[in-house]
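I have placed the structure first, in the form of structure tokens, so that the comments after it can refer back to it.
The values are calculated or read from the model by the stated rules, or taken from the named source; none is laboratory data. Given the structure is predicted, the values throughout are model-derived calculations rather than measurements. Counting neighbours? That spans all protein chains shown, and the Cβs are built from the backbone with ideal geometry, glycine included. Heavy atoms of the whole protein, side chains included, go into the accessibility calculation; ligands, DNA and RNA do not. Shrake-Rupley method; radii C 1.70, N 1.55, O 1.52, S 1.80 Å.
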Amino acid sequence: MLLSKLLERFGVHQEFRDTEVTYITDNTKKIKKGCVFVCIRGAHFDGHTAALAAAEQGAAAVIAERDTGAPNQILVPNTREAYGLLCQAFYDYPAEKLTMIGITGTNGKTTTAFLIKDILDRCGKKTGLIGTVKNMIGDQERPAHLTTPDALELNELLAEMVAAGCSHCVMEVSSQALDQGRVKGINFSIAGFTNLTQDHLDYHKTFEAYRAAKHKLFEQADTAVLNIDDPNAMEMVRGTDCEVITLSAQLDTADYTAKNVTHKTHSVTYELVTNGRIGRVKIGIPGTFTVYNSMLAAVCCIAAGVDFSRTVEALSAAKGIPGRIEVVPTGTDYTVIIDYAHSPDGLKNILESLREICGEGRILTVFGCGGDRDKTKRPQMGKIAQERSDVCIVTSDNPRSEDPVAIIRDILAGMREDPEHVVVEPDRTAAIARALSMAQAGDIVLLAGKGHETYQILSTGTIHFDEREKIREILKIGS
């Protein structure tokens, strides 16, 4: 692609040498002959300092915010945003050839996105998926490294979806991705909002900055679908001109409401009501937040043009999502559930949902907190776990470079001393074994924090760690 073609929509008013472009990168390790190198100033490295070296290595052009002295330099106000736009142009704007559905919020993005894909697939729409667990092009799977990929990988995936005949793409859109401009310039036909509670303050520093990052998605959307039972919902569309569709399990004033909700051990049923229409939903994922996630998925699909009755029928046939209230078969008289809950609100939601279905049994919660992440949520999660569990086993999550014992001390700061009901076991395998040995008939053992992950990140590196395998080994299932 010619550089002039790549810059066609940028309105560049300076002279540059037109040349063939073979690649785009902001990574100094990926510079190659004919590439466009975009200088991005990050937390630990400023790409502008590598501009001259990039030119010496054969970069066809350098995109920068200030004069670097590099030949064929093009100056722009914001290189992060420019990188996202250039990546779209390089792949011929693939998002414009798809119905884009973006889902954002603190909790529920993954479940909602999977449900939307399932509904659309069942209704005959070939759909791509981009998210935390995996990326999908129709039924072909691709590994996921970030919730929302780097702009180049994102647009490459979107281009593959177009080439494969996909008509729709549903993607989780993270606050970091929005803040860093990874989806800049992409128009979303529909943007869905789940909820907003404290998370990622290690990155955003304040809740207000976190919320402002989420708001950016709705500045790029035609239609917003909002869970208005969350107090931050209307802030998402403040100052935007998108059409707003609301849903609620509490307010009759919403466009879509959930009525006659019934919770069961392995499912939830309710009536989806709008303008005199009633759809009876039964979905095989228990919990109150499943009502919200499934409602949001359904309403996004209806907003995308899928018939109401077909949407409800497809939703009721939808499958569970890996690592989201995933019931692990054990053959025991107690239940073991794996869930990704790794924020205060996520842990609160799953525990409250399990309490609704636990009956006379106890809830035994195994959980920890990630290292090198927001430390302020650690005591909050400890307090929540103790208040809503009968037994807590505090352990490691992904400690990364931090001392697991130090992380546990932060968690315990939010908990009352209670040796009978609060157990500390830094080794996660031993903690799982402890919980399983304590479980009795009718109990629920919750393994919170890792969900779909099949690894653990330690100071010494990443190791294989699949909680399903650990459970089978401990219980000697299949041996």
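At a glance:
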| read-out | value |
| --- | --- |
| Long-range HN-HN contacts of G449 with modeled amide H, under 5 Å | D339, Y340, A341 |
| Accessible area (Å², per residue) of the chain, counting only protein heavy atoms and a probe of 1.4 Å | 42 Å² |
| Relative contact order (%) - the stretch 154-294, alpha-carbon pairs under 8 angstrom, separation at least six | 15 percent |
| 3J(HN,Hα) from dihedral phi, the stretch 329-343, Karplus parametrisation 6.51/-1.76/1.60, rounded to Hz, x for glycine, proline | x, 10, x, 9, 8, 10, 10, 10, 10, 9, 9, 7, 2, 9, 10 |
| Proximal charge balance of F114 [Cβ under 10 Å; K/R count +1, D/E count -1] | +3 |
| Residue-span extension gain [M438 to K126] - 0.36 nm each, minus C-alpha spacing | 107.7 nm |
| F465 long-range amide H proximity, modeled H, under 5 Å | Y455, Q456 |
| Hz values of 3J(HN,Hα) by residue in the stretch 282-293 - Karplus curve (6.51, -1.76, 1.60), Gly and Pro given as x | 10, 10, x, 9, x, x, 4, 5, 5, 4, 5, 4 |
| Surface accessible to a 1.4 Å probe, H215 within the full protein complex, Å² | 30 Å² |
| Relative contact order of the chain, defined on C-alpha pairs under 8 angstrom at six or more residues apart (%) | 10 percent |
| Contact order normalised by residue count of the stretch 433-479, Cα under 8 Å, 6+ apart, percent | 25 percent |
| Rg and Dmax [Cα atoms of the chain; Å; Rg one decimal, Dmax integer] | 23.8, 75 |
| Charge context of Q180, other residues only, Cβ under 12 angstrom, K/R +1, D/E -1 | +1 |
| Size of charge dipole - the chain - debye, nearest 20, with Cβ of Lys, Arg +1 and Asp, Glu -1, no other charges | 440 debye |
| Prolate/oblate/rounded call for the stretch 150-245, Cα gyration tensor, a/c under 1.5 rounded | oblate |
| Candidate residues Y455, Y340, Y334: accessible-area rank, largest first, probe 1.4 Å | Y455, Y340, Y334 |
| Virtual paramagnetic centre 7 Å along Cα→Cβ of D427, amide N under 13 Å, in the stretch 389-414 | 396 |
| Accessible-area composition of the stretch 294-397, carbon plus sulfur, in percent [1.4 Å probe] | 47 percent |
| Rounded, prolate or oblate (a/c below 1.5 giving rounded, otherwise prolate when a/b exceeds b/c) for the stretch 331-479 by Cα gyration tensor | oblate |
| Residue-level accessible surface for D339, protein heavy atoms, 1.4 Å, Å² | 10 Å² |
| The stretch 167-266: trypsin sites (Lys or Arg not before Pro) in DSSP coil with no more than 12 other Cβ atoms inside 10 Å | K205, R238, K264 |
| Residue-count net charge about Y93 - beta-carbon cut-off 11 Å; Lys, Arg +1, Asp, Glu -1 | -1 |
| Accessible-area order (highest first, 1.4 angstrom probe) of the listed residues M171, M136, M234, M438 | M234, M438, M136, M171 |
| In order through the stretch 320-326: 3J(HN,Hα) via Karplus (6.51 cos²θ - 1.76 cosθ + 1.60), integer Hz, x for Gly, Pro | x, 10, x, x, 10, 6, 8 |
| Sulfur and carbon atoms: percent of accessible area, the stretch 224-289 [1.4 Å] | 46 percent |
| Area accessible to solvent at T376, 1.4 Å probe radius, in Å² | 80 Å² |
| Inter-centroid distance (Cα atoms) of the stretch 205-229 relative to the stretch 315-374, Å | 27 Å |
| Percent accessible area from carbon and sulfur atoms, the stretch 40-106, protein chains only, probe 1.4 Å | 51 percent |
| Cα gyration tensor category, rounded, prolate or oblate, for the stretch 1-155 with a/c compared to 1.5 | prolate |
| Listed residues H452, H48 arranged by accessible area, highest first, probe 1.4 Å | H452, H48 |
